[in-house]
């Protein structure tokens, strides 16, 4: 039976619920009680000690919460702007203009406040501030993408390039069966981070001299736009990981 010491160790980790569920199914365990769950988790960790991840420290968790909320508000503002455009196209009553403008102003203020909080959180920790400077030195990797990399991938600098790409959900995965047989596609990983890196890749593919050349070469080879942007996003993540490993800015790396 598991001990209090086991519980303390497990409590400091983020466990993969899907894997634990599959582990329970493989053992034929269908009943669900607190006691059974605790024993099952303890057995899973003994079987797969590498599966759990140590929780990031408090400031990383705060940064993750701030960036997540910022992303929600930005998405809400995006939908609002689409609705405003639709109202104007349909000639909706003027009463909507004032309501939409008031809501947009509120969202703008809240996003600006979160941006300030994010910058204050980074500045309050010398290590986080140093990593942010390294990441922001990469052309195309702006404040939003850099902060998301720090918040969603605190393992940066401790991974191989392939591991970093896989963690971001940007590594191509081979499919040898089913309708996808013989094809490679990205998937899994940290979805929010992946979406932000796609936006950063759009900028980098035009304004980062090295990645622009890389993207142009793929376009010249006839690669579809999505394939090009995914490849650039993967390069951005692997570059970020390498720079963080050496604590070296882009300018120093390029010279």
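The values are calculated or read from the model by the stated rules, or taken from the named source; none is laboratory data. Nothing here was measured: the structure is a model prediction, and the numbers come from that model. Note that each Cβ is placed from the backbone with ideal geometry, even for glycine, and that neighbours are counted across all protein chains shown.
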Do we find that residue 211 is modelled with pLDDT of 90 or more, part of a helix (DSSP H, G or I) and over 21 Å from residue 150 (Cα atoms) in this structure?
-> yes
Only one of 10, 84 that is surrounded by 13 or more Cβ atoms within 10 Å (Cβ to Cβ), more than 20 Å from residue 153 (Cβ to Cβ) and modelled with pLDDT under 60 | 10
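Only one of 189, 222 is at pLDDT below 90, assigned by TED's automatic domain parsing to the domain that holds residue 150 and not in a helix (DSSP H, G or I); which?
On the way: 222 fails: at pLDDT below 90.
Checking each option against the conditions leaves just 189.
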